Structures are given as structure tokens and as C-alpha cells.
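A short reminder: the numbers here are calculations on the coordinates, not readings from a lab. Predicted model, so just to flag it, every value in this text is computed and none were measured. Note that we place each Cβ from the backbone using ideal geometry, even for glycine, and neighbour counts take in every protein chain shown.
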Amino acid sequence: MKFCITFSLLFFFEVYSFSQIEYNLGYYIDNYGKRNECLIENFDWKNNPKGISFKMEQSDFPKETNILSIKEFEIYNFSKYIRAYTKIDRSSQDINKLSSDKNPVLNDEISSLRSVFFSDENKGISAGYGGTLLIYSADKWTRENPGTTRNLNGTAITGNTYYAVGDGGTIISKNLGNKDITGNNPEDMAEKIEAYPNPCDETLNFKIPGGGLYPKVKVSVTNANGQVFLQKEYSNLDGDQENQIFTSGLKNGLYFLQADTGSEIFKTKVIVLH
């Protein structure tokens, strides 16, 4: 009797544990360029993925493949990764402590790109682990030096300006046109609002610099052309208090968050990434 009970409990535990593993629709591209539609174990990789677990059908047993065997994979509506080789300075994770050697020793490593964005067929940007940053222009990809080894998680393009955001509030921008984005841009001259997480998904939290009580504040979310997508008025808003706006209805892309107190205007760039 004890044997039967123990077997039943172990069987239940194994089935229950297996059921917690979630496989979602996606695809992978092998080294021969063949695209394979499949179900991929949905795992939010915080570091460079070393491989994936996948099934061709829900009832199949999972198979494993490592990152050296695939060029690209995606879990639809969740994440996409592209394998790339890049040279990375590993002397420090702190940008202020990186090697001062003019010819530092760079590790030739495989990096996966966490975000790929195209504004049209001629403009693209991709970013990923270890500060990997690539820009697509004139029918070719060019590797850029972002000045950071932090992981980059989101990308966007507005006009001729390319943006990437990453861990620790990292925001990188590069202008490929004739205009300097740091010139007399009103957004650059305004004091920045504290906004997080960035990129955001369903909600965006913000605080107004300097704290204090503001009798009336108008908060808005616009695009680069000034088109208003969200707007909300607050009365007796405490600048030290964390406030929240809902961004679930916005499409993926770059936006500007602005808070107008009547006497001051605070702004910052945010990226919405669902």
C-alpha cells in the first residue's frame, strides 16, 4: 500500500511540475537559413541565451539546441533574438572604470540582439547584450560604439535619430541627419522628469524633480511631432510621490513625457515596448 501511495504522489508531482513549463508559438532559423515554426519554452532571458528548448507539436517531447546552431529565434509577441559576433571590453561593468588603454583587450563573443526596429525599409536599429548596437542604413548594418557594456533592451527611430535604452536607465541616441539633437532642442533644455521603467509596457511611473506640492500639473505623452496621445491633469500633486499613467493603449515606439506646472516644464524621452 505504501508503494502505491508513494508512486501516485510522485506521478502527480512530476505531471504538475511538467505542466508549469510554458511553450509558446515562435520560430528559429538554423545555420542553413531554414526557418522552422515551432513552440519555444518561454523564458525571459536576463543574460545572453545559451540555447532554447522547443517542440514541433504541443504533445511532442522537448528538444534542446544551443546558440551556435541557430542564427535567430523569436517567441511571437514576446521577444526576438539574433546571434551576432561582437568584440566586448570586459575590464569593468562600470563605464567610468573601463580600461584607459587605447588598445584594450577585447573579447570576441557571441551576443544576442534583444530588440530590432525598422522605421522603413532603409532605416533600422538593433540592440542587445553587452552594449551591442547595430544601425542599418544604406543597405548595410554598421556596428556602433555605445560607450556602455550594459544590456540594451529597446530601440526606436524618430526622423534621423536612432534610440536605444537599456539597464540602469541607459538611453543612447545617434543622429544620422544634418541636425544636432543636442542643439537648441527645447526637450534638451528642459529639466528631466524621472520616469520608469523605461522601456515601459502597461504602465509608466514618474516623479517631478525637486519635490514639493504643485497646485496644478498637466501631464501629457506626445510623439516627436507634438501629437498628444495621453493627457491628464493633477491637482495638488506631490512631486516626491510616485505617480502613474497607463501606456497599454500606445503602440511600440519613442514618446515624450511632459509635466507642465504652469511655471516650469519637465520632459523626458520614454520608449513603449509591449
Could you grab the relative contact order for segment 214-258? Cα pairs under 8 Å, six or more apart, rounded to a whole percent. 47 percent
Sequence of R143, R83 once ranked by neighbouring C-beta atoms within 10 Å, starting from the fewest: R143, R83
Expressed as a rounded percentage, what relative contact order does segment 190-272 have, with Cα pairs under 8 Å and six or more residues apart? 38 percent
For segment 164-175, Karplus-derived ³J(HN,Hα) couplings (6.51, -1.76, 1.60; θ = phi - 60°; whole Hz; x for glycine and proline) come out as 9, 10, x, 4, x, x, 5, 10, 10, 9, 9, 9
Do the alpha carbons of any pairs in K123/K232; K216/K269; K50/K80; K216/K267 sit beyond 26 Å of each other, and which pairs? K123/K232
Footprinting proxy, C200, C38: sorted fewest to most Cβ within 10 Å, the residues are C38, C200
